[in-house]
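Asks: Supplied in structure tokens, the structure appears directly below.
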Amino acid sequence: MRYTYEHGPLRLAIVSNKTNNRQAGRLIYQFGDFCLDIDRGTLSRAGENVPLRPKAWAVLAHLVKHHGRLVSRSELIDAVWHNASVCDDSLTQCIVEIRRAIDDPDRERLRTVPRRGFVLEMPVSESTETDAEPSVPPGRHRWYWAVAAIVTLAVGAAQFWQSGGTTVPAPTAAANDKPSIAVLAFSDMSDAQDKQYFAEGVAEEILNHLAAIPELRVISRSSSFTFRDERDDIPAIAEKLNVDFVLEGSVRGTDDELRITAQLIEAASDSHVWAASYDRTVAAVNAIAVQNDVASNVVTAIGVHTGAPLSPPPPRILAVSPEAQDSYLRGMYYLQRLMSDYSSREIYDNAVQHLKAAIAAEPEWVPAYASLGKALHFYATSSYAGPQQIADLFEQSRHYLEEAVRLDPTYGSAYSSLAFIAHSYDRDYGRAEALYAQAEQLGDVSHWGNAILKRSVGKLDEAIGHYQDALLHDPLSSSITWQLADTLRCEGRYEESAMHIGKLLEETPDFVELWRVRAYLSAQLGDLASAKEIIERYRATDHAFRFGATYAVLGMRDAALDALDALEALPEWRPNRYARIALRLNLEDRALHYIEQTAREDPRELAGIQCRDDVAPLADHPRFQAILIDAGVPLRLATASAD
């Protein structure tokens, strides 16, 4: 099969030794207004492409081919994963994605038969379509565009893309997919091994530079920097992060000279797309100029390699003093560690100290102000801040963030941090939403912060969307995964919630709290045997009281009451958990008592209480509504339940 690429006077013929077994036409399955193209590997609706991951598409294809009959889980796993060892949650994830793709929230089109399998309850018709020209075989479009990109590079592609020339169309199957990249932590290969802060700082600033490009999906630092010591298998790293490209690099040299190297790798082929080295004397090193150059070259290379039109990186300040640069990179090194694990008071103090030194050296350097503001509000929410320190730390944080905005009203991340303060400290939810919206307009999209805010004010559908977007950019975050799973549970989307809890259990199988949720979800999904097996495992342990909600769902009233009594004896208050157990036991007054006591002791704990799975029976109760109004929490659940 031959494909032709032309650019000006150049013409390249690409020959594939893979023949199409159905030359007369493509096999098409039609169900409802959906179209499954077997040869192209696509799903479309009314002519518009519906994106699905390859495994989810394969599961759907098998269900469509066998529509109307029960397809067991083991049959699907054998058909799609063949002999590979996979957990049941991988299939569950595919089913969730398929239901979302075919608009089946009520699970009527794709029906679950508990403990057995699935039935596609939609009429399906089969037909063939003939193309005027042979199409690119499924799974091969990357190679076609890769070769085309090499030719384009040979005729000056960088200038072509920046001058607004005609864009080579992307393959149909990938039309709605953004190119994606992970920037790994650069390695410190200096003689003294004392430049890790510098290496990571350079990589992080490149990442931030790329993240400002709307047509590019960039994995966050917290996921991509996980692979500091795993550089041998780039395709495996890319698969875990679900990206097309990986950027890696290093810093090496002596006390006098440094060499910064960077290389862009296309994950599917494990091949280099672009690479460069930058030799600098330590006294004159300008990391910002290097970061600008690397980001610009990476964007050009990805654009040429994929055929995707990408905006150029936004301009950044070109130079600051070496002293400010060094202090800033050291401060960011500590800031990222405290954001990841809040490991010690010393880390907080070091982050603040170095960022203040950067401001002293460059009094109008906006990133230093914004980063110091972020460090201080993280300090305020840590266990290291005493009750008398919290207000002062938040106000200091606000001061530096507002100074960043004064110096540069377009600096989006400062608005995101101010939104965090408005939400978590001021409890001014309306202002927090406005600030997040302003940050997004300026190119800084804080999906996680937005998700937590939307959850706090009862906008659960919006919260779920933001959590899902946050997970796309930070796929290894257990915190985001946990919060998404709990929000899905709140909306009664138990199967999706169980999928994410299953992923977390693969990583931490001994975490009792996850088993508590898994037991509850199993009970709600009708898998009573699994729920009972889990609670029996912990029944004779000190953790038995944690399963109170599951006892209530299973009708084990005495065990649920015992669990509720044990929970009351705990020093911390969890109104959602206590109230939902009481409500499932028809103890409405007791549930309201828990919520009222929480409102008296710490009203901030009421954020997120408007969870349908927890307190739906109280939605229109005057006492419940009065508690929320007094605490400044907008009423959402009552309106939603009334609809």
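The values are calculated or read from the model by the stated rules, or taken from the named source; none is laboratory data. All of these numbers come straight from a predicted model, not from anything done at the bench. In this analysis, Cβ positions are derived from the backbone assuming ideal geometry, glycine residues included, and neighbour counts consider all displayed protein chains. All accessible areas refer to the heavy atoms of the entire protein, side chains included, with ligands and DNA or RNA removed. Shrake-Rupley method; radii C 1.70, N 1.55, O 1.52, S 1.80 Å.
Asks: Just checking, how many residues over segment 201-229 are open to solvent by less than 50 Å² (accessible area, probe 1.4 Å) and either assigned to a loop (DSSP other than H, G, I, E, B) or of a type in the set (D, E, K, R) (or both)?
Replies: Result for segment 201-229: 9.
Asks: Here are Tyr411, Tyr400, Tyr333: which of them is open to solvent by 20 Å² or more (accessible area, probe 1.4 Å), in contact with a Phe, Trp or Tyr (Cβ under 6 Å, 6 or more places away or on another chain), over 25 Å from Thr226 (Cβ atoms) and of a type outside the set (Val, Ile, Thr)?
Replies: Working: Tyr411 fails: in contact with a Phe, Trp or Tyr (Cβ under 6 Å, 6 or more places away or on another chain); Tyr333 fails: over 25 Å from Thr226 (Cβ atoms).
Matching residue, one of Tyr411, Tyr400, Tyr333: Tyr400.
Rundown of residues vs (1) in contact (Cβ under 8 Å) with a residue 24 or more places away in the chain; (2) over 27 Å from Ala470 (Cα atoms); (3) surrounded by 19 or more Cβ atoms within 10 Å (Cβ to Cβ), yes/no style:
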site	(1), (2), (3)
Ser190	yes, yes, yes
Ala238	yes, no, yes
Asp244	yes, no, yes
Asp256	yes, yes, no
Leu264	yes, no, yes
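Asks: Now for a different question. Pull out all pairs, ordered by first then second residue, where Cβ-Cβ is under 8 Å, the residues are six or more apart or on different chains, the first lies in segment 616-636 and is on the phi > 0 side of the Ramachandran plot and basic (Lys, Arg), and the second is surrounded by 18 or more Cβ atoms within 10 Å (Cβ to Cβ) and assigned to a helix (DSSP H, G or I).
Replies: none
Asks: Find the residue count for segment 520-548, including only residues that are aliphatic (A, V, I, L, M), closer than 24 Å to Val113 by Cβ and touching a Phe, Trp or Tyr at 6+ places or on another chain (Cβ under 6 Å).
Replies: Matching residues across segment 520-548 total 3.
Asks: Pairs only if they're at least six apart or on different chains, beta carbon under 9 angstrom, first in segment 384-410 and touching a residue at least 24 places away in the same chain (Cβ under 8 Å) and over 28 Å from Leu442 (Cβ atoms), second of a type outside the set (Val, Ile, Thr) and open to solvent by 60 Å² or more (accessible area, probe 1.4 Å); list them, first residue then second.
Replies: Tyr384/Tyr342; Tyr384/Arg345
Asks: Separate question: Wholly within segment 39-124, which helices (runs of 4 or more DSSP H) include no fewer than the required count, namely at least 3 residues that are open to solvent by 30 Å² or more (accessible area, probe 1.4 Å) and modelled with pLDDT of 80 or more?
Replies: Hits in segment 39-124: 54-65, 73-81.
Asks: Follow-up. Being under 25 Å from Leu207 (Cα atoms) and out of contact with any helix residue (DSSP H, G or I) (no Cβ under 6 Å at 6 or more places or on another chain) narrows it down to one of Gln388, Gln468, so name that one.
Replies: So the residue among Gln388, Gln468 that is under 25 Å from Leu207 (Cα atoms) and out of contact with any helix residue (DSSP H, G or I) (no Cβ under 6 Å at 6 or more places or on another chain) is Gln468.
Asks: Taking only segment 500-527 into account, find how many residues are among the polar types (S, T, N, Q) and closer than 16 Å to Tyr538 by Cα.
Replies: Total satisfying the criteria: 1.
Asks: Okay, moving on. Quick check: anything in segment 348-368 on the phi > 0 side of the Ramachandran plot, of a type outside the set (Lys, Arg) and open to solvent by 40 Å² or more (accessible area, probe 1.4 Å)? Lay out the reasoning, then the answer.
Replies: The initial filter retains those residues of segment 348-368 that are on the phi > 0 side of the Ramachandran plot, namely none.
Within segment 348-368, none of the residues are on the phi > 0 side of the Ramachandran plot, of a type outside the set (Lys, Arg) and open to solvent by 40 Å² or more (accessible area, probe 1.4 Å).
Asks: If a residue has to be within 24 Å of Asn208 (Cβ to Cβ) and either touching a residue at least 60 places away in the same chain (Cβ under 8 Å) or open to solvent by 50 Å² or more (accessible area, probe 1.4 Å) (or both) to count, how many in segment 445-460 make the cut?
Replies: 3
Asks: On to the next question. Answer yes or no: is there a residue in segment 568-578 that is aromatic (Phe, Trp, Tyr), open to solvent by 40 Å² or more (accessible area, probe 1.4 Å) and in contact (Cβ under 8 Å) with a residue 12 or more places away in the chain.
Replies: We begin by selecting, within segment 568-578, every residue aromatic (Phe, Trp, Tyr); these are 573, 578.
Narrowing further to those that are open to solvent by 40 Å² or more (accessible area, probe 1.4 Å): 573.
Keeping just the survivors that are in contact (Cβ under 8 Å) with a residue 12 or more places away in the chain gives 573.
Yes, because at least one residue in segment 568-578 is aromatic (Phe, Trp, Tyr), open to solvent by 40 Å² or more (accessible area, probe 1.4 Å) and in contact (Cβ under 8 Å) with a residue 12 or more places away in the chain.
Asks: What's the number of the condition Val633 fails, among (1) open to solvent by 10 Å² or more (accessible area, probe 1.4 Å); (2) outside any helix (DSSP H, G or I)?
Replies: (1)
Asks: Right, here's the next one. Tell me which residues, restricted to segment 479-531, are hydroxyl-bearing (Ser, Thr, Tyr) and within 22 Å of the chain's Cα centre (by Cα).
Replies: Passing the criteria: Ser479, Thr481, Thr487, Tyr494, Ser497, Thr508.
Asks: For segment 230-256: of the residues being assigned to a loop (DSSP other than H, G, I, E, B) and either under 22 Å from Val304 (Cα atoms) or of a type in the set (S, T, N, Q) (or both), which is modelled with the lowest pLDDT?
Replies: Thr254
Asks: Is there a residue being among the small types (Gly, Ala, Ser), open to solvent by 10 Å² or more (accessible area, probe 1.4 Å) and over 30 Å from Pro179 (Cα atoms) anywhere in segment 475-497?
Replies: The answer is yes, given that some residue of segment 475-497 is among the small types (Gly, Ala, Ser), open to solvent by 10 Å² or more (accessible area, probe 1.4 Å) and over 30 Å from Pro179 (Cα atoms).
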